[in-house]
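The values are calculated or read from the model by the stated rules, or taken from the named source; none is laboratory data. Treat the numbers as computed from the prediction; the structure is a model and nothing was measured. Note that each Cβ is placed from the backbone with ideal geometry, even for glycine, and that neighbours are counted across all protein chains shown.
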Amino acid sequence: MTWTTHDYENIPGTYVFDGKHSYGAYPLNKLLFSFNTEENRTEFDADPAAYCDKFGVEGKYKEFVLKKDFLGMLRAGANIYFMAKMAIPRGTSVQDAGAQFQGITTKEFQAKLLAKGDGLVERLAKRGGYWNG
Amino acid sequence: MAKIIGGVTSSHIPAVGNAIANNLTQEPYWKRFFDGYEPAKAWLQEKKPDVVIVVYNDHGLNFFLDKMPTFALGCADTYHNDDEGWALKPVAPFKGDAAFSWHIAESLVEQKFDICTCQEMKVDHGFVNPIRALYGTHDVWPVTTIPLAVNTVQHPVPTAARCLELGRALRTAVESYPADLNVVIFGTGGLSHQLQGERAGLIDVEFDLECMERIANDPEWMTQFSNSEIMRRAGTEGIETIMWLVMRGALQSNVKVVHKHYHAPISNTGAGVLVLENYL
């Protein structure tokens, strides 16, 4: 099997969700998608390993799910939006996950985000034409 | 005849819906973000469009990866919101206009946009949150809506140039509809953000502001970028900004910029509100 390469593959710390990921992690993403339904969430929580087996989620994919290793899942081809369906109701917000990806605390992650807004009002005033409070 | 009176952009992140649902919009973290919507809300109140076409992407509520249309148009009289996995109470159903949708689909296909038509289409936060932010939350929504979904989730996703062209075809489609309807286009999502990987938390304020200004006055500028280039600058989820170009393409080449609001960060995102009005 020969997969074509893309220039987005060298963006650091980034796993662009494309055909290659989607193909390889199809059972995993199908499992994650199933969490849209309450009864599936309950079934998963009762026996996560059996639930993986039901969806054909095997090997490293199963290991990542059982360990809630979100970076591992992502690298293996989980889609971030689908993964959020597993993470958020189980206490890992998207910002918690972002912090985990970087190996920092959520507070540190949030502080880095907040710093992006430093001097925003002044920058907008300089550019002009923006509503500015 | 139907006419497009303008376009509005909005972020559609889940946190916006949560902030509205939990009455947090006047909390210090959210106040500036939501206050910047007020002029856009006032404009919609004044113009009272009959129909809003909402350009958004589904995040795994209606579409799974088994079938992933690049462009999909709702062609129903009702659209339901549903549980996206975090057990939030769905909002009230949205009223559509099937006959108008089918006209748009016919016109788009005639113009070589071979769009996927959907007679059952669940609408997720990408569709719901801009409407809530711009109209408030209602048991009976005050406007008829038509969902136009763009795949920004699974690559290949359409280019910025293609999205702008789709907008132009959408304008032809709307303006050839015989009913006297005033239509507004919402371009949703963006601006820069990346949720995934070690680069999560990326926001590029300069790029966002440049995008806002260019999309208002020089949308062709965006079409120079490949999707790889947009993701490199604006993050993998920042690719959603291409949907603003569908809105922009549906407007006249010169538009009146009624309102321009930017805030960052909100959740993990740079967020922009544009209100652009056609000269009639």
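Go through segment B:259-271 and count every residue that is under 11 Å from B:A40 (Cβ atoms) and in contact with a Ser or Thr (Cβ under 6 Å, 6 or more places away or on another chain).
0
So which of B:F33, B:F63, B:F113 is in a loop (DSSP other than H, G, I, E, B) and within 11 Å of chain A (Cβ to nearest Cβ)?
So the residue among B:F33, B:F63, B:F113 that is in a loop (DSSP other than H, G, I, E, B) and within 11 Å of chain A (Cβ to nearest Cβ) is B:F63.
What pairs come up if the first residue lies in segment B:221-232 and is of a type in the set (S, T, Y), the second is buried (at least 22 other Cβ atoms within 10 Å of the Cβ), and their beta carbons are under 9 Å apart, counting only those six or more places apart or on different chains?
Within 9 Å, the pairs are B:T223/B:A160; B:T223/B:C163; B:T223/B:L164; B:T223/B:L245; B:S226/B:A160.
Tell me, yes or no, whether segment B:232-246 has at least one residue that is under 18 Å from B:V52 (Cβ atoms) and surrounded by fewer than 24 Cβ atoms within 10 Å (Cβ to Cβ).
Within segment B:232-246, not a single residue is under 18 Å from B:V52 (Cβ atoms) and surrounded by fewer than 24 Cβ atoms within 10 Å (Cβ to Cβ).
List pairs: first in segment B:191-205 and basic (K, R), second in a loop (DSSP other than H, G, I, E, B), Cβ under 7 Å, 6+ apart or cross-chain?
Taking only residues 6 or more apart or on different chains, the pairs are B:R199/A:P12; B:R199/A:G13; B:R199/A:T14.
Between a residue in segment A:30-42 that is more than 8 Å from chain B (Cβ to nearest Cβ) and any residue that is at pLDDT 95 or above and surrounded by fewer than 16 Cβ atoms within 10 Å (Cβ to Cβ), which pairs come within a Cβ distance under 8 Å, given they are 6 or more apart or on different chains?
As it stands, the answer is none, since no pair meets every condition given.
Is it the case that some residue within segment B:220-227 is buried (at least 23 other Cβ atoms within 10 Å of the Cβ) and either within 30 Å of B:W30 (Cβ to Cβ) or β-branched (V, I, T) (or both)? It would help to see each step written out before you state the result.
Restricting attention to segment B:220-227, the residues satisfying the condition of being buried (at least 23 other Cβ atoms within 10 Å of the Cβ) are none.
Checked against the condition, which is being buried (at least 23 other Cβ atoms within 10 Å of the Cβ) and either within 30 Å of B:W30 (Cβ to Cβ) or β-branched (V, I, T) (or both), segment B:220-227 yields no hits at all.
Among residues belonging to segment A:1-51 that are among the aromatic types (F, W, Y) and in a loop (DSSP other than H, G, I, E, B), point out the one that is nearest to B:G85 (Cα to Cα). Quick ask: steps written out before the conclusion?
Step one: list which residues in segment A:1-51 are among the aromatic types (F, W, Y), which gives A:3, A:8, A:15, A:17, A:23, A:26, A:33, A:35, A:44, A:51.
Retained after the next criterion (residues that are in a loop (DSSP other than H, G, I, E, B)): A:3, A:15, A:17.
Values: A:W3: 32, A:Y15: 23, A:F17: 20 Å.
That would be A:F17.
For (1) on the phi > 0 side of the Ramachandran plot; (2) of a type in the set (S, T, N, Q); (3) free of Cβ contacts under 8 Å to residues at least 24 places away in the same chain, each residue gets a yes or a no:
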{"site": "B:N57", "(1), (2), (3)": "no, yes, no"}
{"site": "B:K67", "(1), (2), (3)": "no, no, yes"}
{"site": "B:D83", "(1), (2), (3)": "no, no, yes"}
{"site": "B:A87", "(1), (2), (3)": "yes, no, yes"}
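Being in contact with a strand residue (DSSP E or B) (Cβ under 6 Å, 6 or more places away or on another chain) and either within 8 Å of another protein chain (Cβ to nearest Cβ) or surrounded by 17 or more Cβ atoms within 10 Å (Cβ to Cβ) (or both) is true for just one of A:G77, A:G129, A:G98, A:G133. Which residue is that?
A:G129
Please find, within segment B:74-86, the residue that is nearest to the other protein chains (Cβ to nearest Cβ) out of those that are buried (at least 24 other Cβ atoms within 10 Å of the Cβ) and closer than 15 Å to B:A105 by Cβ.
B:G74
Scanning segment A:101-122 for residues that are charged (D, E, K, R) and facing chain B (nearest Cβ under 7 Å), which turns out nearest to the chain's Cα centre (by Cα)?
Selected residue: A:K112.
Just need a number here: residues in segment A:1-25 that are farther than 25 Å from A:G59 by Cα and touching an Asp or Glu at 6+ places or on another chain (Cβ under 9 Å).
Qualifying residue count, segment A:1-25: 4.
Go through segment B:194-234 and give me each residue that's part of a loop (DSSP other than H, G, I, E, B) and more than 8 Å from every other protein chain (Cβ to nearest Cβ). Full working, then the answer.
Narrowing segment B:194-234 to residues part of a loop (DSSP other than H, G, I, E, B): B:194-204, B:218, B:225-226.
B:L202, B:D204, B:D218, B:F225 - these are the residues of segment B:194-234 that are part of a loop (DSSP other than H, G, I, E, B) and more than 8 Å from every other protein chain (Cβ to nearest Cβ).
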